[in-house]
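Values in this text are rule-based calculations from the coordinates and carry no lab data. Every value quoted in this text rests on a predicted model; they were computed, and no experiment measured them. Neighbour counts are summed over all protein chains in view; Cβ atoms, including those assigned to glycine, are modelled from backbone coordinates with ideal geometry.
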Amino acid sequence: MLELRRDLLDAIVAHARRDHPDEACGIVAGPVGADRPERVVEMTNAERSPTFYRFDSQEQLRVWREMDDRDEEPVVIYHSHTATEAHPSRTDVSLAQEPGAHYLLVSTRTDDEVEVRSFRIVDGDVSEEEVRVLEPDHARE
Amino acid sequence: MAIEVRIPTILRTYTAGAKAVSAEGDTLAGLIDDLESRHPGLRDRLVEEGRLRRFVNVYLNDEDVRFLGGLETEVADGDSVTVLPAVAGG
């Protein structure tokens, strides 16, 4: 299961819509070992393509070093599909190299519907997981 | 000629869990051969048919070696080499 704060999910969906029709991509960093995504980092899609994404390699080095300095890891790796469903493609599965991450897919194929689904991809095996959105605590208002 | 090589999580099975290892070489190719002698199996994860694998990023200090000399990039004592799996998909 992926537990994700509402504001982080909204930021990811906004990013995907903004970059449509190109695929958007990024991560949500969080403390190592806590499985708690906390900080969205939008990444440049070096491919600028409607069907492919790749993190810019120099930017990735900077972001990964920053996470290292902060004792963080990429808890969520997200990207968007602009014309297909929010499910990992064969390419997504064959290129997934972070077995500890939640792979979050957002589909921007329709304007009015938000399709967000999360998956674990380990050694070529894909398993879907629930996305539990953590809403702000209104009890304190 | 000690060069630090930072290893990503997915390749730490080859280094008994170590996040960073030491190696020697004059070029990246030589360095990778030396890594292989100490950590068998690692080279094949980095190199395919004599070239750096397409979805593995290797950096010499702060630069992706694709922008330098690829496998022929010269390395020197005190350099730091970082390996990161590319994040990509479709």
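If you take the residues of region B:69-90 that are assigned to a strand (DSSP E or B) and within 14 Å of another protein chain (Cβ to nearest Cβ), which of them is farthest from B:Y14 (Cα to Cα)? This residue is B:G89.
Okay, residues lined up against (1) of a type in the set (D, E, K, R); (2) out of contact with any Cys (no Cβ under 8 Å at 6 or more places or on another chain); (3) in contact (Cβ under 8 Å) with a residue 12 or more places away in the chain:
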{"residue": "B:T13", "(1), (2), (3)": "no, yes, no"}
{"residue": "B:S22", "(1), (2), (3)": "no, yes, yes"}
{"residue": "B:T27", "(1), (2), (3)": "no, yes, yes"}
{"residue": "B:I32", "(1), (2), (3)": "no, yes, yes"}
{"residue": "B:R38", "(1), (2), (3)": "yes, yes, yes"}
{"residue": "B:L60", "(1), (2), (3)": "no, yes, yes"}
{"residue": "B:L71", "(1), (2), (3)": "no, yes, yes"}
{"residue": "B:V87", "(1), (2), (3)": "no, no, no"}
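When A:R70, A:R48, A:R6 are screened for being over 14 Å from A:L105 (Cβ atoms), without any contact (Cβ under 8 Å) to a residue 40 or more places away in the chain and among the charged types (D, E, K, R), only A:R48 passes. Quick one: is A:I77 within 18 Å of A:V126 (Cβ to Cβ) and of a type in the set (A, V, I, L, M)? When the stated conditions are applied, A:I77 passes them.
With respect to being more than 20 Å from B:D64 (Cα to Cα), surrounded by 13 or more Cβ atoms within 10 Å (Cβ to Cβ) and over 13 Å from the mean Cα position of the chain (by Cα), B:T13 fits the description. For A:S89, the conditions (1) within 22 Å of A:S127 (Cβ to Cβ); (2) surrounded by 14 or more Cβ atoms within 10 Å (Cβ to Cβ); (3) touching a residue at least 24 places away in the same chain (Cβ under 8 Å) are fulfilled apart from (3). When you scan region A:101-115, do you find a residue that is surrounded by fewer than 16 Cβ atoms within 10 Å (Cβ to Cβ) and within 14 Å of chain B (Cβ to nearest Cβ), even just one? Among the residues of region A:101-115, not one is surrounded by fewer than 16 Cβ atoms within 10 Å (Cβ to Cβ) and within 14 Å of chain B (Cβ to nearest Cβ), which makes the answer no.
Criterion first (away from every other protein chain (no Cβ under 14 Å) and either surrounded by 14 or more Cβ atoms within 10 Å (Cβ to Cβ) or not in a strand (DSSP E or B) (or both)) does B:I32 satisfy it? Here the answer is yes, as B:I32 does meet what is asked. All of B:R53, B:R38, B:R45, B:R66 fail the test of being surrounded by fewer than 15 Cβ atoms within 10 Å (Cβ to Cβ), among the charged types (D, E, K, R) and within 14 Å of chain A (Cβ to nearest Cβ), apart from B:R66. The set of residues from region B:49-67 being of a type outside the set (F, W, Y) and part of a strand (DSSP E or B) comprises B:R51, B:L52, B:V56, B:N57, B:V58, B:L60, B:E63, B:D64.
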